[in-house]
Ligand SMILES: Nc1ncnc2c1ncn2[C@@H]1O[C@H](COP(=O)(O)OP(=O)(O)OP(=O)(O)O)[C@@H](O)[C@H]1O
Ligand SMILES: [Mg+2]
């Protein structure tokens, strides 16, 4: 079965990419869909958030990208049924230079995941538009862009959109932006509200209806190696990520 592959990307750091990846993937796994998270960030935050270690030497996303291991040999079952992980390796940091002279270095991930058996794949991208993000976008059908509800929220998003267009033109005509998700919304802050209004008036229905509120349970969960849904199911953070996952599926059905 050919999985639907999502990149969760924004070159701006700390906007909620990893949190969105881990929690949307968990919500879909809870629906008994076979889901794989690929941690493509040298920081390995998705790996650690799922209670796993970033181990050098592999097998991990680095050794898969460089052809040393197959995806099938490298994925780990997480503690969550139906959810698997391809963990990050710290060596990802040097990949740009290592593959600089290799032919078509943008296609490594696409080739590596060609024949895997999953319903959904979520790729947690690093906060940069380098070779790793290029590999993610070339291997993906959809992009989800988390945008933080704060000053300069859209900084970098225009660049990301240009990169997506370039990837679409040159390598992957099927690539589509699935949606923009506003994160860390603070209902008491006028700034948060005006950022959401501005982003909505600019990007219209590309922005998901679900807005992820700032919620203390979300940063607590990774230190327990759990998605927020398992750490505190009733929290507003968990509930809104479940809603977001539902909205993502709904958009897919409407296509
Ligand atoms: N809705 C939220 N409420 C409160 N804290 C949040 C929320 N979403 C994310 N955070 C916290 O904000 C920090 C950044 O989030 P996250 O790691 O998901 O961003 P990122 O875009 O993946 O960062 P990076 O660019 O470094 O990979 C983390 O400590 C996370 O726990
Ligand atoms: Mg991250």
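The values are calculated or read from the model by the stated rules, or taken from the named source; none is laboratory data. Computed from a prediction, not measured in an experiment: that's the story for all the values here. All Cβ positions, even for glycine, are placed from backbone atoms using ideal geometry, and neighbour counts span all protein chains on display.
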Does residue 31 satisfy the condition of being surrounded by fewer than 18 Cβ atoms within 10 Å (Cβ to Cβ), away from ligand 2 (no atom under 14 Å from the Cβ) and at pLDDT 95 or above? yes
Of the conditions (1) buried (at least 16 other Cβ atoms within 10 Å of the Cβ); (2) more than 16 Å from ligand 2 (Cβ to nearest atom), residue 72 fails just one. Which one is it? (1)
Failed condition for residue 53, given (1) more than 16 Å from ligand 2 (Cβ to nearest atom); (2) in contact (Cβ under 8 Å) with a residue 40 or more places away in the chain; (3) not in a helix (DSSP H, G or I): (2)
Would you mention how many residues in the stretch 191-226 are away from ligand 1 (no atom under 15 Å from the Cβ) and either part of a helix (DSSP H, G or I) or modelled with pLDDT under 95 (or both)? 13
Leading residue by the ranking (farthest from residue 180 (Cα to Cα)) among those in the stretch 230-255 that are away from ligand 1 (no atom under 14 Å from the Cβ) and surrounded by 21 or more Cβ atoms within 10 Å (Cβ to Cβ): 245
Here is a check on your reading of the model: is residue 47 assigned to a helix (DSSP H, G or I), closer than 17 Å to residue 78 by Cβ, within 10 Å of ligand 1 (Cβ to nearest atom) and in contact (Cβ under 8 Å) with a residue 40 or more places away in the chain? no
Would you please name the residue that is nearest to ligand 2 (Cβ to nearest atom), looking only at residues in the stretch 215-229 that are surrounded by 17 or more Cβ atoms within 10 Å (Cβ to Cβ) and under 21 Å from residue 52 (Cβ atoms)? 222
Selection within the stretch 230-255 - in contact with a helix residue (DSSP H, G or I) (Cβ under 6 Å, 6 or more places away or on another chain) and under 17 Å from residue 48 (Cβ atoms): 231
Just to verify a result, which residue in the stretch 1-26, among those that are more than 16 Å from ligand 2 (Cβ to nearest atom) and surrounded by fewer than 22 Cβ atoms within 10 Å (Cβ to Cβ), is modelled with the highest pLDDT? 4
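This table checks each residue for (1) crowded, with 20+ Cβ neighbours inside 10 Å; (2) within 16 Å of ligand 1 (Cβ to nearest atom).
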residue: 117; (1), (2): no, no
residue: 144; (1), (2): yes, yes
residue: 149; (1), (2): yes, yes
residue: 154; (1), (2): no, yes
residue: 167; (1), (2): yes, no
